[in-house]
Structures are given as structure tokens and as C-alpha cells.
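One structure is given below, encoded as C-alpha cells.
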Amino acid sequence: MKKRNSISSITSRNRRCGYGPHRGQARTLLFCWLLIGTAWCAAQTTVFKKYISNDGSFAFKFPKSWTVDDSQPNRFDLLAPSGEEFMSVLPLPLIRNQSPTAYVRQITGAMRTNNPELRVSLGKADEKGAYFETDFEMGFSRAVGMAILLKTEDHVICIFYRAPADKINRRRGGELLTSVMGSVNWGKDVSASPALLIGQWSNTITGSIAAFNTNENGATGGESYIFMQNGTFRHVHVGFGAVVSGVSTETGDFSVGGNVLTLHVTAEKFQPAGRGRYENITKNEFRTYRWYLEDGQTLVLIDTVYSARESWYKVRGD
């Protein structure tokens, strides 16, 4: 593929790849393209999924088949299924008078603690960011690393890619670095627009609560949420089991604050299977979830109390 280095052609290419001008993302991605020096577009060949931090303040996309280790504070390690490719997403403290080059020296200095023979090659660097590569011994083999560091008015972040020296593919490394960097987001923009909640969502792929899931005890069931324009919702749960069977319908109102969804359940109707009457229950129950949309059609809810994660699939708009 021929390189096209003009700002207009790169910006156009980014838009075709699905990167919109949201909270500086276009500027961030454009700078990444300029750092790598080519207009690669990993979104055309790699499927990504979204990660959101436990406190809901930070999110990024990563290759769907990879795993995320977020056990260390302010560090998100990504590992490919092969075990050979590795990435780290590192949000760093903002020091306004510290240059990107100084950040690179700080990072590589810490790396030398475990790798005294670490070799560093600094590429393009200016007041907005820096690109650098590393070369070091890892066990009985050598590894090569590629990294982008970006500094904005509010944040500093470094994304690192590593692969065995005899298998390193700098084109692929550049694609992954720029794609992950272009997806990084902080604060209220981590979640999608509240308007995208409106409609019906089911916990079955088929999009119908009639297509039941079956658990290990032989019980079957399906659920759906319906969020309406007037701020109310309906939660329908159909279940058939050895002990209790029936249809439960909860109603109430909902509110969205950034990436936090609050459900206020005010009533529940339960109709046991085989009976013609409903049991009406008045409630005053609040439930809170962190939420975001994955791939535009999957609503992910994370319970803020139990950290349980649920996936709901779009059935229809309202």
C-alpha cells in the first residue's frame, strides 16, 4: 500500500475507518498516524472490543481475541492468544512542564531496572508526543518493543507493543498501537449517548425472550429491558423451573449520569404459570450499573455492587 502522508488524506482515511471527531480522538489518531509514518488502518483487518475500567473513568478498544489483565493500578496489560504478542496501556500522571521525551526517559529508566541491557531508539518526538522502540533480552531470546506516548492538555498515556525479535512485524505493531491509542477515552464520554439506550434489549442472541436460555438445573428463561423516551423502563423476566415458573414484569424510571445507569424500580407484577391473576408488588428499589455499548448492538451492564457483568442484545429501537 502506497503511503499517503498529507494531513487531508490521513484524516479522510481515518474517517473511513470509523474514527470520528469525538473529544480529540481524531486529533489523537491523526498524530499517531504521523508518528508511525503511514496511513495504516487496522480496523479493516482486526476485530476490536471495548474495555472499561472498574471505576468507569477510562476506556479503550483492544483485539477481541486478546485478554486484559487490570490487576495492577494504572496499568492494563493485553496478551494475544499465541502468548507471543503483548501490549500495555499506561495512563501516566500529568506533569505540565515535563516533555514527552522526559516521559520516555522515565519509562525506559524503569524498564532498565529489570533489563539492564535495554536498548532504546527514539523516533519522532515533539511537544505532543513521542515514538520509541526498545530491544532487550527476555529469557533466552530477544524482544523488540514499539511504543507511542501522547501528551494532551489533560492526560498523558503511553501504549507499548512487544513481540519476539525474530517474529516482529512493525506494520502490525503500528496498526495495533494506533488503533488502541485512537480508541482511548476518559470521563463522561466513556459511555455512549443516553439516547442509544432507547429501545428493547434481550439477553438472548435471537432478540426474543421466547428463545429461552437453559441452565444446568434444567430451568429455562429469558429477559428483556425496554427503555422508553419518557424516561421509564420495563424489565420482563420469563422463567420455567421445577420450583417457580411464571412471568415477572418490573416497571419504573431510569436516569443516566455519564457511564452510570440508575434504575428506580417502583412496581412488579408476577404471574405464576397456569394462573390467570397477577400479584402486584409495590417497590422502591434502586439499582446502579456502569454501562457502555459494544460494537453498537450489545449493551454491557456492570453491577456497581457485585461487579456482575451482563450482555444485552438490541432487538428494536423505540
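I need the trypsin sites (Lys or Arg not before Pro) found in the range 52-81, filtered to DSSP loop residues with at most 15 other beta carbons within 10 Å of theirs.
Answer by residue number: LYS64, ARG75.
Between ALA308 and GLN229, what is the FRET efficiency for a Förster distance of 45 Å, r being their Cβ-Cβ separation, to the nearest 0.05?
Using R0 = 45 Å, I get an efficiency of 0.95.
As a quick test, which of the pairs LYS49/LYS124; LYS49/LYS269; LYS64/LYS269; LYS61/LYS269; LYS61/LYS124 have an alpha carbon distance above 31 angstrom in this structure?
Pairs exceeding the cut-off: LYS49/LYS269; LYS64/LYS269; LYS61/LYS269.
Where Lys and Arg each count +1 and Asp and Glu each count -1, what net charge lies around ALA130 among other residues with Cβ under 12 Å from its Cβ?
+1
Using a cut-off of 14 Å between beta-carbons, work out the net charge of the residues near TYR161 (Lys and Arg +1, Asp and Glu -1, TYR161 not included).
After counting each charged neighbour, the total is -1.
Quick one: what are the phi-derived ³J(HN,Hα) couplings along the range 68-80, Karplus 6.51/-1.76/1.60 with θ = phi - 60°, whole Hz, x for glycine and proline?
So the J values, rounded to whole Hz, are 10, 10, 10, 6, 9, x, 6, 8, 10, 9, 10, 10, 6.
Amide H neighbours of GLU85 under 5 Å, counting only residues 5+ apart in sequence or on other chains, H built in-plane at 1.01 Å?
So GLU85 has HN proximity to ALA80.
If each residue of separation counts as 0.36 nm, what is the full-extension length gain between ARG119 and THR67 once their alpha-carbon separation is subtracted?
That works out to 15.9 nm of additional length.
How do ARG172, ARG142, ARG290 rank when sorted from fewest to most other Cβ atoms within 10 Å of their own Cβ?
ARG142, ARG172, ARG290
For a Förster distance of 22 Å, can you work out the FRET efficiency between the beta-carbons of THR249 and GLU285, rounded to the nearest 0.05?
That gives a FRET efficiency of 0.95.
What FRET efficiency do you get for LYS269 and LEU94 if R0 is 51 Å and r is their Cβ-Cβ distance, rounded to the nearest 0.05?
E between LYS269 and LEU94, to the nearest 0.05, is 0.50.
Through the Karplus equation 6.51 cos²θ - 1.76 cosθ + 1.60, θ set to phi - 60°, convert the phi angles of the range 110-124 into ³J(HN,Hα) values in whole Hz; use x for Gly and Pro.
For the range 110-124, the Karplus curve yields 5, 5, 5, 4, 9, 9, x, 8, 4, 10, 10, 10, 8, x, 5 Hz.
All of the numbers you see were taken from the coordinates with simple rules; none came from a lab. Keep in mind that what you see is a predicted model, and the values were worked out from it rather than measured. Using ideal geometry, Cβ is built from the backbone for each residue, glycine included, and neighbour counts are taken over all protein chains shown.
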